[in-house]
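The values are calculated or read from the model by the stated rules, or taken from the named source; none is laboratory data. Computed from a predicted model, the values in this text were never measured in an experiment. Using ideal geometry, Cβ is built from the backbone for each residue, glycine included, and neighbour counts are taken over all protein chains shown.
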Amino acid sequence: MPNFSGVITASLLSLTAWPVLKLVTRYPDLTKPAVLAPAGFITLLTVAYLLKWCLPTSKESKTNENENIIGRGILYYTCCLFSFSSVVDLIFYLEVMGFVKGYIGFYLETGERYFNTSYGTLALLWDFIVHFPLYIAIIYCIDNKKDCRNLVIYWGCTMMTSVFTLLIAAMSGSYGTEMHSGSWLNIPYVTSSIYFLLKFLTQPRYFPKYKTYCKDKPNLIDVFLALGLAVGLIFNFVRGLSSLNSPFPLAQLYALEYEPYILHPTNFGKVWILFMLFVGSFLKIVLIFGLFQSNASWMLDWSIIFTAITVYGTYVHLIAQFCPGVEKMYQVPDDQTTFVIVVNLFLPVVALAVMVRTFLLVTEHKKIK
């Protein structure tokens, strides 16, 4: 019978974010910039202690040959703790959008003001609608002795991309002079996502008996996917030059006539484009190479990484350009809306197609067996 104890406990404890934030607003001293970060860390440690008390530690038997099946440990409690912070981000989003009031508005003044931007609010919403279900799914997998490798890799990549692009843009753009101690609360997200991502990537992927990644030779599907990735490379290059305000005519044309948001003074549009220019382009080249290899089981992990990064980035970058919080001069021109939406969505569609193609190869081999 499935074990839902961790899922239920983490979900219920996450709901305490509402009264906790309401309580903080009653003590103005806790909302001062110098006190905010220490108070935030103390709150997280308190929640972590309660989780450890409610859900005792357990260890997976060493007899299990799948290293990706683990017991209750650091990852487990990290997911439980971050599920609490995901609800905090939901409340933050609801208050910024005007749906609730009196919970966390102080944080926009003494914490991270850049969350009041279109890009920032979309990042808050993503943390709840995507990261929260991932935390719950990982908790469930650990409690029920299931492999959580794919979930952890996807979460680690989206979390790392989210925090890096948000902070680098904030520090290098117009919000660079408004950074407060509250920004230090992002340290646990950065360190944990990098640690668990590297931990699972360096562990061997487990294949059940008679199943493995195998491909005799590339077919027409692989050729089309490689072409899609190649087109994405060219698109990355042009947009990358646009974000650097290059005098190259095509780059100037794209920035001014199609996506002026790339030149927004907050740098949110620019940093994401540069991230894709370097990190995204590297991943595309690796995946193109892998599509034409016969025994590239590493493609399973790399396709997840590329999909996680691309889907998140497209979500915050594309939607932000249509939000009323962005000045009209930086929004997508009305006559170019369809083109901009199509070319932006092309990237995650190709990424998802590559990932699906890669994982279907394992299933197909099972059928052959």
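Values for this structure:
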{"quantity": "Members of the range 206-240 that are of a type in the set (Val, Ile, Thr) and closer than 24 Å to LEU274 by Cβ", "calculated": "VAL231, ILE234, VAL238"}
{"quantity": "Output for the range 97-114, where each listed residue is surrounded by fewer than 22 Cβ atoms within 10 Å (Cβ to Cβ) and not in a loop (DSSP other than H, G, I, E, B)", "calculated": "LEU108, GLU109, THR110, ARG113"}
{"quantity": "Any pair with Cβ under 6 angstrom, 6 or more apart, that starts in the range 267-292 at a residue that is more than 30 Å from LYS217 (Cβ to Cβ) and ends at one that is of a type in the set (A, V, I, L, M)", "calculated": "ASN267/ALA169; PHE268/ALA169; GLY269/ILE262; LYS270/ILE262; VAL271/ILE168; VAL271/ALA169; ILE273/ILE262"}
{"quantity": "Filtered residue count, the range 206-260, keeping only those that are of a type outside the set (Phe, Trp, Tyr), over 30 Å from VAL362 (Cβ atoms) and part of a helix (DSSP H, G or I)", "calculated": "16"}
{"quantity": "Residues satisfying the stated conditions in the range 88-119, i.e. under 17 Å from ALA320 (Cβ atoms) and either free of Cβ contacts under 8 Å to residues at least 60 places away in the same chain or more than 15 Å from the chain's Cα centre (by Cα) (or both)", "calculated": "ASP89, PHE92, TYR93, VAL96, MET97, GLU112, ARG113, TYR114, PHE115, ASN116, THR117, SER118"}
{"quantity": "The one condition in (1) within 21 Å of the chain's Cα centre (by Cα); (2) in contact (Cβ under 8 Å) with a residue 24 or more places away in the chain that VAL47 fails to fulfil", "calculated": "(1)"}
{"quantity": "Those residues of the range 217-233 which are aliphatic (A, V, I, L, M) and within 15 Å of PHE282 (Cα to Cα), in sequence order", "calculated": "ALA226, LEU229, ALA230, VAL231, LEU233"}
{"quantity": "Filter result for TYR210 (among the aromatic types (Phe, Trp, Tyr), outside the structural domain of LEU36 (by TED's automatic domain parsing), at pLDDT below 95 and under 21 Å from SER83 (Cα atoms))", "calculated": "no"}
{"quantity": "Criterion: in contact with a Lys or Arg (Cβ under 9 Å, 6 or more places away or on another chain), under 21 Å from ASP147 (Cβ atoms), assigned by TED's automatic domain parsing to the domain that holds MET276 and free of Cβ contacts under 8 Å to residues at least 24 places away in the same chain - qualifying residue of TRP302, TRP298", "calculated": "TRP298"}
{"quantity": "Every residue from the range 214-230 that is over 19 Å from TRP302 (Cα atoms) and either hydrophobic (A, V, I, L, M, F, W, C) or modelled with pLDDT of 95 or more (or both)", "calculated": "LEU220"}
{"quantity": "Scan of the range 203-260 for residues that are among the hydroxyl-bearing types (Ser, Thr, Tyr) and surrounded by fewer than 17 Cβ atoms within 10 Å (Cβ to Cβ), ordered by number", "calculated": "TYR206, TYR210, THR212, SER246"}
{"quantity": "So LEU287, is it within 18 Å of VAL231 (Cβ to Cβ), crowded, with 18+ Cβ neighbours inside 10 Å and in contact with an Asp or Glu (Cβ under 6 Å, 6 or more places away or on another chain)", "calculated": "no"}
